[in-house]
Structure formats: C-alpha cells, structure tokens
Amino acid sequence: DRPEDKFSILSAQSPFRPASAASNEVQVLRSRTLALEVARRLSSENQPPRGLQSGGRPGTQPEDWILSHTRIRHLEGSDVVEIRASAPDPGDAALIANTCAEVYVDLSRDRARAEVRRVREFLADQVQVVRDRLQQSESDLRDYQERSQIASLPDETKALVEQVATFESSHN
C-alpha cells in the first residue's frame with residue numbers, strides 16, 4: 001500500500017497493466033509446458049511423489065498426472081493466484097504445489113529476460129540507425145558549407161560577441 005506503487009507501470013493498479021493479466025498467468029500455470037517441466041523436476045527428486053512415474057494409470061504421461069493433481073485459480077478481486085495440489089501424502093502435495101510455483105517463477109523470469117534482451121537489441125539497432133543518420137547529416141552540412149563558402153557560424157558568433165563586449169567596455 002505504498003503511494004508510489006499506485007503509479008508504477010508494473011503495479012496492479014496501473015492503467016498500463018491489463019485487467020486480464022492474472023487470468024493470463026493462470027493459463028500459463030495450467031499449461032502443458034509448465035506441467036512437463038514440473039514433472040521433469042519432480043522426477044529428479046530423491047523421492048518423487050507416488051504416481052508421478054507411472055502417471056497414476058497405465059498410458060498416462062507424468063505431465064498429465066501433474067495436470068490432473070493440481071488446481072490453479074485466480075482469486076477474484078486480487079492479483080493472487082492459488083495453486084493447490086492433491087496427493088495421498090501431504091508432503092507430496094506441498095512438493096507438487098511448490099514446484100509448480102518455482103517453475104512458474106523460473107519461466108516468467110526467462111520470459112522477462114528474453115523480452116528485455118529483445119528490447120535492448122532493438123534499441124541498439126535504433127541507436128546505430130540514428131548515429132548513421134547523424135553522421136550523414138553532418139557530412140551533408142559540411143559539404144553544403146564548403147559549396148556555399150560559409151564559415152563556421154559558431155566561430156563567427158564568438159568573434160562578434162567578443163567585439164561587442166570590447167566595444168561596450170570601451171564605451172563604458
């Protein structure tokens with residue numbers, strides 16, 4: 001509830017943040033991509049949750065087991081997303097839910113980094129374009145001044161200012 005947060009571009013109250021942002025994140029959390037990574041991480045645990053390896057039923061993939069044992073929902077009126085997991089053992093349920101959250105954070109961080117990298121590359125390209133235009137403009141200006149036999153205006157202006165200052169001091 002800090003006042004400056006109300007004006008942050010990333011704030012939930014920001015006019016720049018779409019109302020559907022939390023709903024979009026729920027869809028990411030429910031995605032097969034996330035479930036696949038959760039299943040991969042849980043499989044690498046010393047004691048993965050029971051049912052994960054077999055998928056609970058013959059022919060069921062571990063990611064399908066994860067999707068069937070997690071519930072993701074957006075808590076209305078907030079930017080909170082709830083992750084619930086079910087398993088015969090409470091420790092397994094906590095492990096599944098926490099792993100979902102960790103994978104989501106990692107994927108979100110990777111997406112943000114990729115976006116920043118794309119923006120940085122775009123800006124670097126734009127800086128080069130502007131630099132090239134500036135060099136061309138300076139070259140065109142030099143060529144014009146040489147063709148028109150125009151002296152450098154800053155030097156002429158400086159000399160005139162010095163003459164005026166000398167005249168005024170002499171006059172005073």
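Only the coordinates and a few stated rules stand behind these numbers; no lab work does. It should be emphasised that the depicted structure is a prediction, and the values quoted were computed from it without experimental measurement. For neighbour counting, all protein chains shown are included, and Cβ atoms are generated from backbone atoms with ideal geometry for every residue, glycine included.
Looking at segment 113-172 from every direction and averaging, what is the projected area of its Cα convex hull in nm²?
7.3 nm²
Output the peptides 110-121, 25-36 sorted from most to least packed, where packing is the average of other Cβ atoms within 10 Å over each peptide's residues.
Descending mean neighbour count gives 25-36, 110-121.
On full extension of the chain, what length is gained from F122 through L107, given 0.36 nm per residue of separation minus the C-alpha to C-alpha distance?
Numbers: separation 15, 0.36 × 15 = 5.40 nm, distance 2.25 nm.
3.2 nm is the gain from fully extending F122 to L107.
Residues of segment 105-126 with the amide nitrogen closer than 16 Å to a label point 7 Å from the Cα of D79, along Cα-to-Cβ, please.
Hits in segment 105-126 for D79 at 16 Å: 105, 108-109, 112.
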